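*Asks:* What follows is a single structure, and I will ask about it in a moment.
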Amino acid sequence: MTPSLTIGILAPHRSSTCMRALQELLQSCGQHGIRAHELGKCTPSDQWPDIVVCLGGDGTILSAVEQAARHGCIVAGVNLGHLGFLSACGCDEVAKLVESLAKSAYRVEERSMLQVTPSGMGTTPGEAHLALNEVALMRAQTGKMIDVDVELDGALLNRYHADGVLVATPTGSTAYSLSAGGPLLWPTAGVMCLTPICPHSLTNRSVVLPKDVEITLRPRERRGRSEESLIYSTDGQATHTIPLNAALTIRKAPESLRLLFLPGSDYAARLRAKLGW
């Protein structure tokens, strides 16, 4: 056991299942001499733990990844939801998880993230956000299509007429990108994937891109609707407004997420189980 190991627990939903898992986790940590506490909504940067254990589904993990990546924390998920692609274990394996933590018998995968920076909305670029799964650009008003110019390292790739455009990491290839028709990517592959959402052209398909390319999304005015705004989201968690005269720059983030898995974890087996193969 690592004496200085600290565990922060994120349990936002407060359901009976979540509370049972929380109590078992705290009790097991106490039995193994691991310092553990529940994280508040606003945890000061100097109090971030070594490992953040998220009790919930993938959405709970995604809500923590930006701050965890910025502070260098390892993230471990206990799946209380449906798919649980990002989770280390299920709710019936809490004791096993704690034992693995106490013995340092786990492995950590470095998962690449996206950095998205808006520009053209003022004199300086806006705040950069991080995403583990994807960045999605779409019209704020549902049911409307958008025109988006996509540039790669400053050169035009295509103008998409679609419901939206998303850029996904390999980790995010099993999320929104998969629903939009994107390919499955191995989570440690050094690539990104650009996918139009319901494009108005049968020839528009996903494009797999190298990890070091800079992607620029430029919304364009369509049919005189110059006053309408678009929105972009990061991992389906945070949503931001962007006007038509602005742009989004997306690149591989300097930060990565350190995701914990138990010994014997097999991504191929996970795909078979989660996708019903």
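The values are calculated or read from the model by the stated rules, or taken from the named source; none is laboratory data. What you are looking at is a predicted structure, and each value in this text was computed from that prediction instead of being measured. Note that each Cβ is placed from the backbone with ideal geometry, even for glycine, and that neighbours are counted across all protein chains shown.
*Asks:* Output the number of the condition that Ala95 fails; it satisfies all remaining conditions of (1) over 21 Å from Thr174 (Cβ atoms); (2) in the same structural domain as Ala247 (by TED's automatic domain parsing).
*Replies:* The single condition Ala95 does not satisfy is (2).
For every residue, the table says whether it meets (1) under 20 Å from Val65 (Cα atoms); (2) buried (at least 21 other Cβ atoms within 10 Å of the Cβ).
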{"site": "Ile146", "(1), (2)": "no, yes"}
{"site": "Leu157", "(1), (2)": "no, no"}
{"site": "Ser177", "(1), (2)": "yes, yes"}
{"site": "His200", "(1), (2)": "no, no"}
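*Asks:* Another one. Inside region 187-277, counting only strands (runs of 3 or more DSSP E) that do not spill past its ends, which hold 1 or more residues that are under 30 Å from Cys73 (Cα atoms), assigned by TED's automatic domain parsing to the domain that holds Leu137 and at pLDDT below 95?
*Replies:* By residue number, 230-234, 238-242.
*Asks:* I'd like to check something: does region 146-165 contain any residue that is of a type in the set (A, V, I, L, M, F, W, C), in contact (Cβ under 8 Å) with a residue 40 or more places away in the chain and not in a strand (DSSP E or B)?
*Replies:* Going residue by residue through region 146-165, those that are of a type in the set (A, V, I, L, M, F, W, C) are 146, 148, 150, 152, 155-157, 162, 165.
When the remaining residues are screened for being in contact (Cβ under 8 Å) with a residue 40 or more places away in the chain, the result is 146, 148, 150, 152, 157, 162, 165.
Still in the list and also not in a strand (DSSP E or B): none.
Within region 146-165, none of the residues are of a type in the set (A, V, I, L, M, F, W, C), in contact (Cβ under 8 Å) with a residue 40 or more places away in the chain and not in a strand (DSSP E or B).
*Asks:* Another question about this same structure. Quick check on region 1-38: of everything there that is among the hydroxyl-bearing types (Ser, Thr, Tyr) and assigned to a loop (DSSP other than H, G, I, E, B), which residue is nearest to His71 (Cα to Cα)?
*Replies:* By that ranking, first place goes to Ser4.
*Asks:* If Leu97 satisfies every condition in (1) at pLDDT below 95; (2) touching a strand residue (DSSP E or B) at 6+ places or on another chain (Cβ under 7 Å) but one, which is the exception?
*Replies:* Result: Leu97 fails condition (1) only.
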